[in-house]
Amino acid sequence: MLKFLFRRALQLVFTLWAVATLIFFLLRVLPGDPVEFKYTSEGGVITAEQLQVQKARFGYDQPLVAQYVRWIAGLTRMDLGISIWSENPVADEIGSRFGVTIKLAISALVIGLVLAIPLGVVGALSRGTWLDQCVRVCTVTGQSVPSFWLAMLVLLALLATVGWIPPIETVPFSERPWEHLAQILVPAVVVGWRLSSVNARLLRSSLIEVLQQDYVRTAHAKGVSPARVVVRHALANALLPTITVIGIEFAGLLGGLVVTEQVFNINGIGRLLMQAISFSDLALIQGLVMLFALIYVCVGFLVDLLQAALDPRIRIH
């Protein structure tokens, strides 16, 4: 097990280094000067001398190799640089938005699992019946409807029925807890419904396959109750592929809530990424991409450990 952990840790470090190198040079290939864009984008004028001073201030006057070395060295110290847009440390900009996005992603994931597991189990146990058809219609609909369109429908429905929508401005939990929860839970339900559709279909297929295995038939033959067979024997193995998908989806949620955050006016890191791109803020884009990469590799590592815990056949010694 220790050998496995050491090998995965090396893979994690190499992956992060590769992402850091790739995003650094890809952004430098793009045309335009980010410093010049900042001071001239709204009709401003800047002289060549002033431009050079500002480039030196943000470190863009150095050779490309020197900038790359400073970027990699900064990562080892958790220093992501300075945002051109706000002139604040990138870590502070991300930290101020990350809490909202992580709460939204976790809420959506929990809602998705609460809906997906019962739907998947019901669909598998009632295979071929009208109940199974209803489950399949619900899951296909959830996968087919875009989240941003569903979000707008939810807002319109709330306005038409109760004359209320979640607050547009950011509401601190300490001041107005119910409005803060509504601001998170309403978009979480929208995103969670789509997650539940994907995972319910996958769980249904996996559970149908597992229920046909010999050890399940043996458990039935020994007189074990059907509910115990499903919960203790079949469901744990059927959840293995679902756990993998859930891990990937959760990692993708943190960077993929851009449209949902725009519709509900949530000031999270997805919206921050769009703002960084619009302002050509290279340091902020690099910091956000590295955050997404770190989340992906860490979630993948945790999923591997969870699979090994659930299934002794794939446990690493």
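Quick check on region 51-72. Is at least one of its residues at pLDDT 75 or above and within 27 Å of the chain's Cα centre (by Cα)?
yes
State all residues of region 115-161 that are closer than 15 Å to SER205 by Cα, surrounded by 19 or more Cβ atoms within 10 Å (Cβ to Cβ) and either in contact with a Gly (Cβ under 8 Å, 6 or more places away or on another chain) or of a type in the set (S, T, N, Q) (or both); if no residue qualifies, say none.
If the condition is that a residue be closer than 15 Å to SER205 by Cα, surrounded by 19 or more Cβ atoms within 10 Å (Cβ to Cβ) and either in contact with a Gly (Cβ under 8 Å, 6 or more places away or on another chain) or of a type in the set (S, T, N, Q) (or both), then VAL135, THR139 are the ones that fit.
Here are VAL189, VAL230: which of them is within 26 Å of the chain's Cα centre (by Cα) and of a type in the set (Val, Ile, Thr)?
Details: VAL230 fails: within 26 Å of the chain's Cα centre (by Cα).
So the residue among VAL189, VAL230 that is within 26 Å of the chain's Cα centre (by Cα) and of a type in the set (Val, Ile, Thr) is VAL189.
From the list PHE292, PHE279, pick out the single residue that is under 30 Å from SER41 (Cβ atoms), outside the structural domain of ALA20 (by TED's automatic domain parsing) and under 12 Å from the mean Cα position of the chain (by Cα).
Details: PHE279 fails: under 12 Å from the mean Cα position of the chain (by Cα).
When all the criteria are applied, what remains is PHE292.
Only one of LEU211, LEU253, LEU235 is among the aliphatic types (A, V, I, L, M), assigned by TED's automatic domain parsing to the domain that holds TRP164 and under 30 Å from LEU16 (Cα atoms). Can you tell me which? Break it down stepwise before answering.
Details: LEU211 fails: under 30 Å from LEU16 (Cα atoms); LEU235 fails: under 30 Å from LEU16 (Cα atoms).
Every option except LEU253 fails the conditions.
Of the residues LYS3, LYS38, only one is part of a helix (DSSP H, G or I) and exposed (fewer than 13 other Cβ atoms within 10 Å of the Cβ); which?
Working: LYS38 fails: exposed (fewer than 13 other Cβ atoms within 10 Å of the Cβ).
Matching residue, one of LYS3, LYS38: LYS3.
If ASP33 satisfies all but one of (1) closer than 19 Å to SER280 by Cβ; (2) without any contact (Cβ under 8 Å) to a residue 40 or more places away in the chain; (3) within 25 Å of the chain's Cα centre (by Cα), what's the number of the condition it fails?
Failing condition for ASP33: (3).
Residues checked against (1) within 22 Å of LEU253 (Cα to Cα); (2) assigned to a helix (DSSP H, G or I):
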position	(1), (2)
LEU158	no, yes
PRO166	yes, no
ALA182	yes, yes
PRO187	yes, yes
SER197	yes, yes
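Let's see how each residue does on (1) over 20 Å from the mean Cα position of the chain (by Cα); (2) buried (at least 19 other Cβ atoms within 10 Å of the Cβ); (3) at pLDDT below 85:
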residue: ARG194; (1), (2), (3): no, yes, yes
residue: SER206; (1), (2), (3): yes, yes, no
residue: GLN212; (1), (2), (3): yes, no, yes
residue: TYR215; (1), (2), (3): yes, no, yes
residue: THR218; (1), (2), (3): yes, no, yes
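Could you identify the single residue in LEU51, LEU26, LEU80, LEU16 that is within 23 Å of ALA276 (Cα to Cα), of a type outside the set (Ser, Thr, Tyr) and not in a helix (DSSP H, G or I)? Let's see the steps before the verdict.
Details: LEU51 fails: not in a helix (DSSP H, G or I); LEU26 fails: not in a helix (DSSP H, G or I); LEU16 fails: not in a helix (DSSP H, G or I).
Only one candidate passes the filter, namely LEU80.
Kindly establish whether LEU257 is at pLDDT 75 or above and crowded, with 19+ Cβ neighbours inside 10 Å.
Numbers: at pLDDT 75 or above: no; crowded, with 19+ Cβ neighbours inside 10 Å: yes.
Against the criterion (at pLDDT 75 or above and crowded, with 19+ Cβ neighbours inside 10 Å), LEU257 does not qualify.
The values are calculated or read from the model by the stated rules, or taken from the named source; none is laboratory data. It should be emphasised that the depicted structure is a prediction, and the values quoted were computed from it without experimental measurement. Cβ: placed from backbone, ideal geometry, glycine included. Neighbour counts: every protein chain shown.
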